[in-house]
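Computed from the coordinates by the stated procedures, all read-outs in this text should not be read as laboratory data. Bear in mind that the values here come from a model prediction, so they are computed numbers and not experimental data. Quick reminder, even Gly has a Cβ in these numbers, built from the backbone with ideal geometry, and neighbours come from all protein chains shown.
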Amino acid sequence: MRRIFLATITLVQLAGCSGIQVNQDYAPGTRLDALQTFQWTTDTQPATGDLRIDNPLRDARIRAAVERVLAGKGLTRSQDGTADFGIRYQYSLRQKIESSGASSGIGFGFGRYSRHAGIAIGTGDSIREYDEVSLVIDFLEKDSEKLLWRGTGTQRFRQYDDPVKAESDINNLVEKILEQFPPRP
């Protein structure tokens, strides 16, 4: 019984972590490893009109997570405006549709007096809508705001009634995105 419980807990944890898809883009040859100090290009994320996104608590969580992860990589936030690069982010939702797809099956049956066989083919009748969240983190040249590096993470959007869980998921998303920085040759 204990083994089943531990296996179930492990599977739930792995399933919770595996839903994030990340990617990055940058101009080859850019000296991203030379960047040491950063500053935010805006004080808050620009309003989108969607109350699920325009949340000052989420904004603070994202910024704190970015600063914490970058500090762990040896980068520091500039307090005097002399940063090597600027950071901005965009948090957005889009509606997605998923289908269970086509299914098929073969069945055989034996009755009291005869044998029967059949084939069944079905179409996926399960179609669901869901929201997917994208977090895009941009690193920009200090003066020109030319894009140096972009990291993107996507996952299913969730609404939380527990702020600790909300913060944990934001931290996980930001960590996965910034694991890609600096890019490895």
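To the nearest 20 debye, what is the magnitude of the charge dipole of segment 23-99 about its Cα centre, counting +1 on the Cβ of each Lys and Arg and -1 on the Cβ of each Asp and Glu?
200 debye
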Problem - Two-site FRET efficiency, residue 60 against residue 145, from Cβ-Cβ distance with R₀ of 22 Å, rounded to 0.05 - result: 0.40
Problem - Backbone HN-Hα couplings from phi across segment 53-59 [Karplus 6.51/-1.76/1.60, Hz, Gly and Pro as x] - result: 9, 6, 10, x, 5, 5, 4
Handout entry: Per-residue ³J(HN,Hα) for segment 87-93, Karplus 6.51 cos²θ - 1.76 cosθ + 1.60, θ = phi - 60°, Hz, x for Gly and Pro
Key = 10, 9, 9, 9, 10, 9, 10
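Which length gain, in nm to one decimal place, applies between residue 184 and residue 158 when the Cα-Cα distance is subtracted from 0.36 nm times their residue separation? Mind showing how you got there, number by number?
Working: separation 26, 0.36 × 26 = 9.36 nm, distance 3.16 nm.
Length gained, residue 184 through residue 158: 6.2 nm.
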Exercise for the section: Find which of 62, 34, 74 sits farthest along the positive direction of the dipole of segment 25-76, computed with +1 on the beta-carbon of Lys and Arg, -1 on that of Asp and Glu, about the Cα centre. Expected result: 74
Problem - Fewest-first ranking of 78, 144, using other Cβ atoms within 10 Å as the exposure measure - result: 144, 78
Handout entry: Label-reachable residues, segment 141-185, where backbone N falls under 12 Å from a point 7 Å from residue 50's Cα toward its Cβ
Key = 155-158
